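Just below is one structure, and these are the notes that go with it.
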Amino acid sequence: MIISMKLHSTREEIDQVTSIVQHFGYKVHSIEGEERVVIGGVGVGDVTHCMESVEALPQVEKVVRITAPYKFVSKEFRAGKTRIKVNGTEIGGGEFIVMAGPCSVESEEQIMRAAEAVAKAGAKLLRGGAFKPRTSPYDFQGMEEEGLKLLQKAKKATGLAIVTEVMGDNQVELVAQYADVLQVGARNMQNFMLLKALGKCGKPVLLKRGLSSSIKELLMSAEYITAHGNPDVILCERGIRTFETATRNTCDISAIPVLNELTHLPVILDPSHATGKRSLVPAVARAGVAVGADGLIVEVHPAPERAVSDGAQSLDLMQFARMMEDLQPYIALWKAARQKEALAAAAR
């Protein structure tokens, strides 16, 4: 349920409502605006009695039942877009954000060259895997903590925030020491112990859609993270597995506007994994901007032909710079649309 307090409710009045909701056994999550506070209550069972008790309080304006199975991430809980601040950058706000870098951290020279190039081209976050989930146990598994240290060195040199993958709940504390955003890969989207641990990590989480997962399942996984205390979740469409073999995955481009209708969380697109071919990445990236994604995450490598993983879908440094330049007219239209949406929301 969503409880809207009356304008300028006091702290004592808000605490009274919170206490009643907790008395009925529901978890409480509140959003405090400049004038009004909205309280969310989530739990198991019929909320009717709790709603009736809260509605009777004079400081409560209205109480609405949330119908979606995902409560905290639903648009019913929060109408406006969640804005997530990362290293001075705001994801979900008025700026289109690009994250870029190699699939795997391979060496200091490689990650430094990539970081300097993507920063110069306009990226705000550096992606790079230190722990790598691979289909074959014999493939390169990542440099682990040494890779995290190299990412941190690249951050100090360029100012880019770091987004890197965490594969298990036992790695969360370590990766959180180095990363600004912790990424959950497609294969771990329903690793519920990991999701619960990320709810307590204190860092934003980038949650990728599973290879064969529905949009509802993606949102329920995001709900795990938010329900355990972390509201800063970024959703990522990275393509799903279908019968098609012309591309590595099938890019479900419609998932972006669908998610924008269902959730207040920021949504980004991964055109690299969605296609598996570097020649297709710029076109799909443009499509992502056009349908309203909040950003992109793109694989970029100084020498893709020598990459130890995902070389076929990685742009080289010049290709990435060219793509970023070509995206500018699309991003200008994106910003105009966002401003129009903000004005319309303010008028309501």
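Observations, loosely collected:
- Members of segment 176-214 found to be surrounded by fewer than 20 Cβ atoms within 10 Å (Cβ to Cβ), in contact with a strand residue (DSSP E or B) (Cβ under 7 Å, 6 or more places away or on another chain) and among the hydrophobic types (A, V, I, L, M, F, W, C), listed by number: ALA176, LEU211
- The criterion of being crowded, with 16+ Cβ neighbours inside 10 Å, modelled with pLDDT of 90 or more and not assigned by TED's automatic domain parsing to the domain that holds GLY129 does not hold for VAL98.
- Only one of the listed residues (VAL63, VAL47, VAL118, VAL42) is of a type in the set (A, V, I, L, M), surrounded by 18 or more Cβ atoms within 10 Å (Cβ to Cβ) and either under 23 Å from ASN188 (Cα atoms) or touching a helix residue (DSSP H, G or I) at 6+ places or on another chain (Cβ under 6 Å) (or both). That residue is VAL63.
- Counted residues, segment 1-38 - those being out of contact with any helix residue (DSSP H, G or I) (no Cβ under 8 Å at 6 or more places or on another chain), within 19 Å of THR82 (Cβ to Cβ) and among the small types (Gly, Ala, Ser): 2
- If you check VAL284, VAL298, VAL267, VAL289 for being in contact with a Ser or Thr (Cβ under 6 Å, 6 or more places away or on another chain) and closer than 14 Å to ILE97 by Cβ, only one passes: VAL298.
Residues checked against (1) assigned to a loop (DSSP other than H, G, I, E, B); (2) touching a Phe, Trp or Tyr at 6+ places or on another chain (Cβ under 6 Å); (3) basic (Lys, Arg); (4) not assigned by TED's automatic domain parsing to the domain that holds GLU223:
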| residue | (1), (2), (3), (4) |
| --- | --- |
| GLU12 | no, no, no, yes |
| ASP15 | no, no, no, yes |
| SER19 | no, no, no, yes |
| GLN22 | no, no, no, yes |
| GLY25 | yes, no, no, yes |
| ILE31 | no, no, no, yes |
| GLY40 | no, yes, no, yes |
| ASP46 | yes, no, no, yes |
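- There is at least one residue in segment 322-330 that is assigned by TED's automatic domain parsing to the domain that holds GLY92, within 23 Å of the chain's Cα centre (by Cα), surrounded by fewer than 17 Cβ atoms within 10 Å (Cβ to Cβ) and over 20 Å from VAL163 (Cα atoms).
- Which numbered condition GLY142 fails, given (1) within 22 Å of GLN328 (Cβ to Cβ); (2) modelled with pLDDT under 95; (3) of a type outside the set (D, E, K, R); (4) buried (at least 21 other Cβ atoms within 10 Å of the Cβ): (1)
The values are calculated or read from the model by the stated rules, or taken from the named source; none is laboratory data. Because the structure is predicted, anything quoted here is derived from the model rather than measured. Don't worry about glycine lacking a Cβ; one is built from the backbone with ideal geometry, like all the others, and counts go over all protein chains shown.
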